[in-house]
Structure formats: structure tokens, C-alpha cells
1. Averaged per residue, what accessible area in Å² does the chain show with a 1.4 Å probe, protein chains only?
2. Explain nothing, just compute: Karplus ³J(HN,Hα) = 6.51 cos²θ - 1.76 cosθ + 1.60, θ = phi - 60°, for every residue of region 19-35 in order, whole Hz, x for Gly and Pro.
3. Ranked from highest to lowest mean number of other Cβ atoms within 10 Å per residue, what is the order of the peptides 156-168, 232-244, 106-118?
4. Rounded if a/c is under 1.5, else prolate if a/b beats b/c, else oblate: with a ≥ b ≥ c from the C-alpha gyration tensor eigenvalues square-rooted, which is region 177-307?
5. Nearest 5 percent is fine: what portion of the DSSP beta bridges confined to region 67-222 is antiparallel?
6. Could I have the simple spin-label model distance between MET107 and ASP76, label points 7 Å from Cα toward Cβ, reported in nm to one decimal?
7. So how far, in whole Å, is the C-alpha centre of region 142-210 from the one of region 237-261?
8. What's the magnitude of the charge dipole for the chain around its Cα centre, counting Lys and Arg as +1 and Asp and Glu as -1 at the beta-carbon? Answer in Debye, nearest 20.
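The values are calculated or read from the model by the stated rules, or taken from the named source; none is laboratory data. Keep in mind that what you see is a predicted model, and the values were worked out from it rather than measured. Positions of Cβ are generated from backbone atoms using ideal geometry, with glycine treated the same way; all protein chains shown enter the neighbour counts. What goes into the accessible areas is simple: the full protein's heavy atoms, side chains included, and nothing from ligands, DNA or RNA. Shrake-Rupley method; radii C 1.70, N 1.55, O 1.52, S 1.80 Å.
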Amino acid sequence: MGREKIAVIGNGIIGHGVAQVFASAGHPVVMIGRNRASLDAAIAKMEASLADFVKHGLFSVNEAKAVPTRVTLSTDLKDAADADLVIEAVTEDLPLKLKIFGELDGMCPPTTILASSSGQPASALIENVKHRGRVIATHFWYPPQLIPLVEICGGPFCAPDVLARTVALIRGTGKEPVVIEKEVKGFIGNRLQFALLREAWALWADGIASAEAIDAVVRASFGRRIGITGPIESADIGGLATMVNFGNSLIPDLSTASQAPAKVAAQVKDGGMPGIYDWHERDPAALRAQRMTELFRWLKADRDGKK
């Protein structure tokens, strides 16, 4: 692919990361936010992130310094008018998204791809759009500069060439685009994530085991191998007949709750950090830092072709 111009609408935790992804791949990027102060803060966060890339050996100092120079800051949506790909990354406010997509459709040429990085399906964003075939969902995971996956779903109106161009653009940044054939709420990743979380919450709420024990089971068992073989691969190579028989026995006993257990919801309190764990006794910042270090380790392994 060439050096297509990318516009990112929004400069929050997803927006500045998406801007970094495309600018790191050599694309000129315009990042559009509500005010200059928030845009300056986003660039500062990007520079801090790039410093981590240098520290972990993923960029040289000069490569990292070059990335922000490819990013132009703006508070005017009209600066997205000549972009080849526009990615909306604003807060989860559907009326605001509908307004933005309508305005973009009116100002961008029909060849411009209009994408959303949120969990909204493309068909939810076309109310004010005339050229509906160019609207597509591109769901980046947080933090987008570290997580390879981008879930892409065109929906029933998306033109095939728009889907193909979007996949090629995102793959060209080094990400792993996964195409979802049919729109579904939450896409794939969140559905799998919350299926596991529902069962974990249910086990804790029912007094089956402590939170520490449940998390330890995941970390010390299938959590170790799931980065190599996904759940369907694992079932296949583990023996599908055995897994089907065991599943038929176990699945009827799994949680089918339609809401979080009341015992879990009760942990959401005013003041302090809400949670099942007592965070006065633990260091959440250290845990987040440990997780970030592991994400960098995986990213470097991906680059080097290792696991």
C-alpha cells in the first residue's frame, strides 16, 4: 500500500494509539480532537508510549522521534475531508457518532473509507450516510499500539472493495486484521471475554472458590497455552470427540445468567477502587506495569516471528 492519509477522529485512549499505529507505519495522520489542550496531551502520551517502544528494543530513538512528526493536530472535522481512511474513535455516544458519520459522508469523496474503532456495528452508524457501502467497523483493542488484533466487520451494506482495502491498510501497519462475516453484538473478542468472565464471577459469587484461586486456575492452566492455540484449535488437537462428550456433560451446568451476579455488583462502591479484590492490600499500578511488559514481550516475539 502507499502512504494513504489517515484521519483519526478522537484523541482519547484509543484514538492516540490508533494514530500512533498508522504514523509508525509511515502514513501521514491527522488527529482531530475537541481542543488543543487535549490534543497536546494525546501527543505527550504517544511520545511516552514510543519511549517504551525504544526501551523494549522495538524502535530506535530516531524512529520513535519521527512518528509524531507524521501526525498533524486539528480541532476541525473538515481536515478529514481529503483522507483516504477516516477512523472514528470518540466516546461511546451514538448520537455523536451518527452526527460525525453524516458530516464525514457529506465532505469526503465517495472513495474515502469511513470506519469506527468502537464496538458499534457498521449498520448502527449509517443513519445519516448516503454512501453506505464505505462504512465499516474496525474494532481496535486497548492499547491499540500493543494489541495486534483488529476486528473488521463490514455489515450488510459494506462494499467488497472497501472491506479488502481496509484489511490491506490495517495489515500493512503490522496488525492482525480478522474479518467477521456477520454482524454480532460485541463482535468476537468481547463475547468470548465476557463468557469467561460470567463463569468466573458465578464461581466466585456462589462460593465455589476465592477470586485468587479462580484467577490462578486461568493463569496456570489454559491461560498458558491459549496464546498459541485458540479454543477451537485446542479442542481439535486435544481430541474433538472427547471434548464434545465432556462439553455435553458440562455445558448444561455452566452459568446462563443474564446479568452480573448481585454479589459482584455489590462490590461497585463509591470511593476508592471498586473490585472483588481489596486493592488497599495490592498494587494495581504494578500489576498494570507487569501486564504492559508482557504485552511488549509478545509484540517483540511477533516481530521476530517467535512465540
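1. On a per-residue basis, 56 Å².
2. Values, residue by residue: 4, 4, 4, 6, 5, 5, 8, x, 7, x, 10, 10, 9, 10, x, 6, 8 Hz.
3. The most tightly packed comes first, giving 106-118, 156-168, 232-244.
4. oblate
5. Around 25 percent of the beta bridges assigned by DSSP in region 67-222 are antiparallel ones.
6. Reported label-point gap for MET107 and ASP76 is 0.8 nm.
7. Cα centres, region 142-210 to region 237-261: 22 Å.
8. Using Cβ point charges on Lys, Arg, Asp and Glu, the chain gives about 500 debye.
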